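*Asks:* Starting off with a structure, shown below.
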Amino acid sequence: MRIGVIGGGQLGMMLGSAAKELGHSCVFVDPNADCSASHVGDVLNYSFDDISFVKKLASSCDVVSYEFENVDTAILNALQKSVPVHPSLSLLEVSKDRYAEKIMLNDNGIETAKFRKVESEVDAHRAAVELGFPFILKTRRFGYDGKGQYFLKNNADLLQAVASIETFSHIAESLVPFDLEVSKIATRSAGGSIAYYPLTQNIHKGGILQMSVAPAFFSEAEHLNFLAEQQVEKICSVYDYIGTLAVEFFVCGKKLIANEIAPRVHNSGHWTLDGGSTSQFENHIRAITGMPLGSTEVSKKITMVNVIGTHVDSQEIKKLNGVEYDYKKSARPGRKLAHFNLVDASDAVIQQALSL
Ligand code: AMP
């Protein structure tokens, strides 16, 4: 099949590699002709909000997917008039807006942090009273990797944040005193079967994912893995979801508190490339092209380390027996440039990996 993917970043690149292995081909829409995915498929060189690529993409593809959430709704609606678009646009719309996302989660019986809509300075002060300090103020849309977030410890922080915000379209969230962070990656086929990956433990630094370990091995992991599966199943069936998705959670004792949903392949699932089973990318391609899903059983411990901001010497990664995935990007502070996976690595090796 010919698969169209909106976005040609590293997620597109890894989707493209998986598609090739399965005998499909990809065309990516990206404003950068030299994007990461250009190494594994063709690129339609358009800006993401340029509706003129719709006709070209729809006429040349059997199915269309996307690698990031903030794809223009009008474009996706126009596309799906002539070509199937997966995953479901309805869940995508909800996941673009942190406020709508939390309402949807609660409506489906899934616990989140306490939250309030903040549309004005007055709302921000009211949220402080109702939620109490500390709390987090986040933009409802376009926030990722901790961008657009204010961590507010007291009234002085609140006044400073409020003064720097030009337009209020925010959500206030109570700070969750979590023990750790996990995510659940799963893929649902068009027929409704779901392949669940084991629970993944995630470590963030400055709001950016630094490391993931799977299967998660803390004391409540088995019980919480089961709980996460039930929650993912609920979301998938409500939205008749097709493809890979990720749900990020905070772990508080024996409880899961959902933080966000990504209706796409996810950074915390990159370890699946070396887990000995079908990767999240391959299963996504399988789902959207109507192929049966592959096994998600994992028998080894995999650690994924993100390379952020500055490049790391590939030889150093090799010395640790790491498998590197280079996104072929230029270095920039905070930018994800590559990741590497370590199979059954000792704590000492993981520490070395984190200090590269
Ligand atoms: P987000 O952009 O919502 O994925 O947040 C990025 C990271 O900030 C999360 O992975 C957490 O480490 C932290 N964080 C976000 N929201 C909260 C919260 N309500 N309570 C505690 N930590 C949070």
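No value in this document is a laboratory result; all are computed from the given coordinates. Remember, predicted model here, so these are calculated numbers, not experimental data. In this analysis, Cβ positions are derived from the backbone assuming ideal geometry, glycine residues included, and neighbour counts consider all displayed protein chains.
*Asks:* Compute the relative contact order of the stretch 2-85 as a whole-number percentage, counting only Cα pairs closer than 8 Å that sit 6 or more residues apart in sequence. Write out the running numbers ahead of the final one.
*Replies:* Values: 156 pairs, mean separation 27.9, N = 84.
The value is 33 percent.
*Asks:* Okay, next question. Could you give the size of the charge dipole of the stretch 114-174 about its Cα centre, using +1 on the Cβ of each K and R and -1 on the Cβ of each D and E, expressed in debye and rounded to the nearest 20? Intermediate results must be reported in sequence, preceding the final value.
*Replies:* On the way: 9 positive and 8 negative charges, 41 e Å.
Computed charge dipole of the stretch 114-174: roughly 200 debye.
*Asks:* Now a separate question. For residue 329, which lysines qualify as cross-link partners when the Cα separation must be under 23 Å and same-chain residues fewer than eight apart are set aside?
*Replies:* Partners found: 20, 147, 205, 318, 319.
*Asks:* Further, regarding this structure: Rounded if a/c is under 1.5, else prolate if a/b beats b/c, else oblate: with a ≥ b ≥ c from the C-alpha gyration tensor eigenvalues square-rooted, which is the stretch 231-331? If you can, show how the numbers build up before the last one.
*Replies:* Working: a/c = 1.88, a/b = 1.49, b/c = 1.26.
Taking the square roots of the gyration eigenvalues as a ≥ b ≥ c, the stretch 231-331 is prolate.
*Asks:* In straight Cα distance, which aspartates and glutamates are under 20 Å from residue 117, not counting same-chain residues fewer than 8 positions off?
*Replies:* Output for residue 117: 93, 97, 101, 107, 130, 157, 166, 173, 260.
*Asks:* Over all Cα pairs of the stretch 180-299, how is the pair count split among 5 Å bins, expressed in % and running from 0 up to the last occupied bin?
*Replies:* The distribution over the stretch 180-299 is 2, 13, 24, 25, 20, 11, 4, 1, given as percents.
*Asks:* Right, here's the next one. Provide, as a two-decimal number, the C-alpha radius of gyration of the chain over 2.2 N^0.38 Å, N being how many residues it has.
*Replies:* After normalising by residue count via 2.2 N^0.38 Å, the value is 0.98.
*Asks:* Next question, about the same structure. For the stretch 176-193 and the stretch 29-72, write down the distance between their C-alpha centroids in whole Å.
*Replies:* The stretch 176-193 and the stretch 29-72 have Cα centres spaced 27 Å from each other.
*Asks:* Let me ask another. Take the Cβ-Cβ distance between residue 78 and residue 175 as r, set R0 to 41 Å, and report the resulting FRET efficiency rounded to the nearest 0.05. Mind showing how you got there, number by number?
*Replies:* Details: r = 41 Å, r/R0 = 0.99.
The pair residue 78/residue 175 has a calculated efficiency of 0.50.
*Asks:* Can you give the helix-only mean residue ellipticity at 222 nm for the chain, where every DSSP H stretch with n ≥ 4 adds -39500 (n - 2.57) and the sum goes over all residues, rounded to the nearest 500 deg cm²/dmol?
*Replies:* Values: 11 runs with 106 residues, N = 356.
When only DSSP H runs of four or more count, the value is -8500 deg cm²/dmol.
*Asks:* What number, in percent, do you get for the relative contact order of the stretch 114-174 if the mean sequence gap of Cα pairs under 8 Å and at least 6 apart is divided by its residue count? Each step should come with its number before you reach the end.
*Replies:* Values: 90 pairs, mean separation 32.1, N = 61.
Averaging sequence separation for qualifying contacts and normalising by length gives 53 percent for the stretch 114-174.
*Asks:* I would also like to ask the following. What dipole magnitude, in Debye to the nearest 20, does the chain give about its Cα centre under +1 on Lys/Arg Cβ and -1 on Asp/Glu Cβ?
*Replies:* Values: 34 positive and 41 negative charges, 37 e Å.
The calculated dipole for the chain is roughly 180 debye.
*Asks:* At 7 Å along Cα-to-Cβ for each site, give me the label-to-label distance between residue 356 and residue 314 in nm.
*Replies:* The two pseudo-label positions are separated by 1.2 nm.
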